[in-house]
Amino acid sequence: MASRPAPRARSRPDLKVVPGGAKRRVSLVPFIAILIATVFGVTGIRAAQGQDGLKAARLEQLYSQEQETHVLLSAQVAELSSPGRIADEAGKLGLVPASNPVFLRLPETSDAGKRIP
Amino acid sequence: MTKGGARRATTLAIALLLAMSGIGLRLGYIQGVRSDAYAAEARAQRVRKIVLPARRGTILDRNGGDLAVSIPARTIYANPKAIKDKAKVAGELASLLHTDQYSVLQTISRNTAFVYVARRIGVVTADNIAKLDEPGIGVLDEPRRFYPGGGLAANVLGFVGTDQHGLGGIEYGYDQLLNGTPGWQILEEDPSGNRIPDGEFKEQPPVPGGDIKLTLDPDLQLVAERALADQVKATHAKGGMLVALDPRTGEIVAMVSNPSFDPNDVGKIDPKTIHNRVVTDAYEPGSINKVITASAALAGGVIKPGEHMWIPAGVHIGDAYFREDRVPDESLDLKGILTNSSNVGTILLAEKVGASSLDQYFQRFGYGQSTGLGFPGESPGLLPSAGRWTTSLPTMAIGQGLSVTALQIAQVYSTIANDGVMVEPRLVSGWVDRNGISHNASDARSHRVIPQTIAREVRDMLRNVVAEGTGKNAIVPGYDVAGKTGTARKTVEGVGYQGYYASFVGMLPARAPQFVMAVVLDDSTPYEGGLAAAPVFAQVANQAVRILRIAPQPAGVPPVQP
C-alpha cells in the first residue's frame, strides 16, 4: 500500500483583534420618537385647523346675521324718519304747520351791508 | 398535526379564501365599476349648493333718503310627507306666525312634497320656527321689498311681484338696473349641517342691483299727497292728479295720483289705483289750453298786448253755438280774455290764427307726443291732425276735442315759466350701477318753443288771472303767482260727455318762476277749476316755497310793479 504524502502545512496569516470590528446596532428610538411627534403634531395642527375652521364658520354666520340686523335697523330708521310718520307724530304732539313766512327786505342803498368802522 | 386537523385547516383556509375573494370582488365592484356613482352619492350627501340672493337696488329721494329698500326676510316651506304629527306642527307654526291653526294644518296636509307655509316673514319669527327643528319644515332666504314711507309716492315708485321684479312705476321701468344677479356657494357639510372646515368650498358672490336717485322731494310729496287727498274728500271727487316741477331743470319734485295704494301690502292693492295718472291718464284740458292759443295769437301778430277786441256773449261757428259763461258783450284785450277765461274771445282769436298754425303750436308745446320722461305706460295724449279739424278748431282752441296728460300741461306752463324754452321733465337725477360707480343723469334736453318776449307777456297775463280773475284762490301770500284755471267736460267711454275735470296750473315767483304745479280733480263738487283745484295749489305752493327755499323776489329780478 502506497503511502500518501502528508499534506503540506499551510501558512496561516497572523490573527489580531481589531477594535470595533463587531456590527454596530442602530437605535430605533429616535425614529419612533420622530414618528410619534409627527403623528401627534400633524393631528394637533389638523385639530387646531379644524377648530379655527369652525370658529371662522361661526364668525361668518355671525357677520351675516349682523349684516342682516344692520339692514333691518337701517330700514327701521328710514321708516321712523319718513316724513309721513314725523308729520303724524308732530300732529299728536299738537304741532301745526308754520304760518305764512315773513320776509325782511333790506333797503337797497349803497350803504347796505357795508361794515361801519 | 392529525389528519382531521389538517382537513379542518384546509376547509377553513378555503372558506377564508372564498370570503376574502367575495370581499375583494365586492370591493372591486364598488371601487372600480360603481366608484363614480358612489362617489357622487357621497358628495351629494356632503356637498350643498346654496343660492345667495342678490340685493335689489334702493330707490332714493332727492335728499338721499330711502324710498324703496330690500330687507332680509325668510320663507317657511314644508314637506307634508315628512311631517309625522301634523296637528302638533300646525299648532306650533300657527302660534309663531300669529295665524289660524286650521289654515296651517290644511296647508301642511296637502298631498305634495313641497308647499309654502308663509312667504317673506320677519327674520326673528323665521329663526324661531327654525329652532323648532321639526322634520319636514324648512326655511329659505327670500329678501322682501320694503317702502319705508308706506304709500309715499307709491304711484311713482310702483311695486314688485313675488319674484321681486318690478310690476309698475320706477320699479318696473328700471327693473334691469335695480335687479341684481344672485350668487351661489358650494360647500361641504357634516350630518348636523355644520360646514366642514377643509371641505370643498366654491363661491360666486351675488352682484347687488344698482341704486336710483329720484328728483322727488319727500316732504313736498307728502304735503302734496295730503292736500290733494283732503280736497278729493272735501269735494267728493273721484280722484285727482298733481305734478310739481322746476321749470329751469325739468326736475319733478312732486307727483301725486289719487286714489293710491300701499306698496307694502301688495295683496290688497286695487288694480284701479296702481296707475300714475299724471302720465297715464289723458283728459281734455279745457281752458288751461288757452295759453297756447294766446301764445300763437301773439306770435302770429293776430293781436298785440293791450289791443282790444269786441267779444260778443255768443258766437255761431258752423252749426255750433258757443256762448260766454260769465262775460257779457264787451271789449277785452288778450289779458282780459285770459283773466276772464273767455271762450268766445279765444275762439275768435283761434279763427284768426288758423288751424294749421294752431296745430303747429300744439305740437311745439308737446301735444300728441311723449314728454321724454320715459315713465312706463306714459300716454302721448291725443291730438287729431289739422286736416280733421274742419269743425273742431273752436273747441280745440278752448281745450276740448284733444286730450293731454297732467304732465304735458305742466310742461306747457313750464315752457312759459322758462321764458319760452321747453325742458324735458325728469324723475331720475342719477344712479349707482352694479359696480358701485355713480352716474349723474345728463342734463335734460331743451328747445325753444316761443320767443322770450311772448313767454313773458303771457306770464304777465297769467299773473292777472290769479290777481283779478278766476284763479284768486291760488294766491300765495307774499308771492307773485301766475296761473290759469280750467273746467273741462269729461268724456266717458260709451257715454260721451259726463262730469268735469277741474284744474289749475300755476307758477311762482311770476317774474322768474322756480316752481310750476298742475292740479287736476276728477268730478269734484264744485267742478270749477278756480274753486276746486286752485286752493290745492295755494296750500301746496305755500309749503313748497319753504321746503324748496324759494324767495319771493329772486336775486337780480326787479320787484314786481303792482
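Points to keep in mind about this one:
- Each Cα pair of the protein assembly as shown feeds into the Kirkwood radius, which the Stokes-Einstein equation turns, at 37 °C and 0.692 mPa s, into a diffusion coefficient of 103 µm²/s.
- Contact residues in segment B:475-517 (at least 10 Å² less accessible area with all protein chains than alone, 1.4 Å probe): B:PRO477, B:TYR479.
- Segment B:469-560: proportion of alpha-carbon pairs further apart than 15 angstrom, %: 58
- Tail weight of P(r) past 45 Å, computed on alpha-carbon pairs of chain B, percent: 37
- Per-selection Kirkwood Rh - segment B:206-252 (Cα, Å, 1 d.p.): 13.1
- 1.4 Å probe, heavy atoms, protein only - residues of segment B:147-162 losing at least 40 Å² accessible area vs chain alone: B:PRO148
- Between 0 and 90°, nearest 10: helix B:534-547 axis offset from chain B longest Cα axis: 60
- Distance between modelled label sites at B:ASP329 and B:ASP443, nm, 7 Å Cα→Cβ extension: 5.5
- For B:ARG144, residues with placed amide H under 5 Å, excluding near neighbours: B:ILE71, B:ALA73
- Using the Cβ-Cβ distance between A:ALA37 and A:ALA57 with R0 set to 30 Å, the FRET efficiency from 1/(1 + (r/R0)^6) comes to roughly 0.50.
- Cβ-derived FRET efficiency at R0 56 Å, B:ALA9 paired with B:LEU52, nearest 0.05: 0.30
- The calculated FRET efficiency for the pair B:GLN498 and B:HIS165, based on their C-beta separation and a Förster distance of 35 Å, comes to about 0.35.
- Qualifying trypsin sites (Lys or Arg not before Pro) in segment B:471-562, where qualification requires a DSSP coil assignment and no more than 11 other C-beta atoms within 10 Å, comprise B:ARG549.
- Helix-only CD estimate at 222 nm, as mean residue ellipticity for chain B, using -39500 (n - 2.57) per DSSP H run (n ≥ 4): -10000 deg cm²/dmol
- The protection proxy used here, the mean number of other Cβ atoms lying within 10 Å of each residue, ranks peptides B:351-359, B:35-43 as follows, highest first: B:351-359, B:35-43.
- Note on segment B:218-547: Rg/Rh from Cα positions, Kirkwood definition for Rh, rounded to two decimals, is 0.96.
- Exercise: per-residue mean of other protein chain Cβ atoms within 10 Å, B:60-70: 2
- 3J(HN,Hα) couplings calculated from phi for segment B:236-247 with the Karplus curve 6.51 cos²θ - 1.76 cosθ + 1.60 (θ = phi - 60°) are, in sequence order, 6, 6, 7, x, x, 9, 8, 9, 10, 8, 8, x Hz; Gly and Pro show x.
- Other protein chain C-beta atoms within 10 Å of residue C-beta, averaged over A:77-89: 6.
- Accessible area that becomes buried as A packs against B, both chains, 1.4 Å probe, Å², nearest 100: 2000
- Charge sum, other residues only, whose C-beta stays under 13 Å from B:LYS213's C-beta, Lys/Arg counted +1 and Asp/Glu -1: -4
- Listed peptides B:278-290, B:453-465, B:255-267, A:69-81 by packing density, highest first (mean Cβ within 10 Å): B:278-290, B:453-465, B:255-267, A:69-81
- A simple packing score, the average count of other Cβ atoms within 10 Å per residue, orders the peptides B:300-310, B:68-78, B:237-247 as B:237-247, B:68-78, B:300-310, with the highest score first.
- Cross-link pairs exceeding 22 Å in C-alpha to C-alpha distance, out of B:LYS304/B:LYS484; B:LYS238/B:LYS490; B:LYS233/B:LYS490; B:LYS335/B:LYS490, comprise B:LYS335/B:LYS490.
- Simple spin-label estimate for B:LEU16 and B:ALA320 in nanometres, 7 Å along Cα-Cβ: 11.5
- Averaged over peptide A:45-54, the number of partner chain Cβ atoms lying within 10 Å of each residue's Cβ comes to 2.
- Counting protein heavy atoms only, chain B has 52 percent of its accessible area on carbon and sulfur, 1.4 angstrom probe.
- Taking a point 7 Å out from the Cα of B:GLN369 in the direction of its Cβ, the residues of segment B:383-404 whose backbone N falls within less than 18 Å of it are B:383-387, B:403-404.
- Derived value for segment B:87-160: Kirkwood hydrodynamic radius 14.2 Å. Basis is the mean of 1/r over every pair of different alpha-carbon atoms.
- Nonlocal amide H pairs with B:GLU189, under 5 Å, H built at 1.01 Å: B:VAL47, B:ARG48, B:ILE196
- The distance between label points at A:ALA98 and A:THR69 comes to 4.0 nm (points 7 Å beyond Cα on the Cα→Cβ vector).
- When segment B:158-283 is reduced to its Cα atoms, the Kirkwood hydrodynamic radius in Å: 18.1
- Per residue solvent-accessible surface (Å²) - chain B, probe of 1.4 Å: 45
The values are calculated or read from the model by the stated rules, or taken from the named source; none is laboratory data. Every value quoted in this text rests on a predicted model; they were computed, and no experiment measured them. Cβ coordinates were reconstructed from backbone atoms using ideal geometry, including for glycine residues, and neighbour counts include every protein chain displayed. Heavy atoms of the whole protein, side chains included, go into the accessibility calculation; ligands, DNA and RNA do not. Shrake-Rupley method; radii C 1.70, N 1.55, O 1.52, S 1.80 Å.
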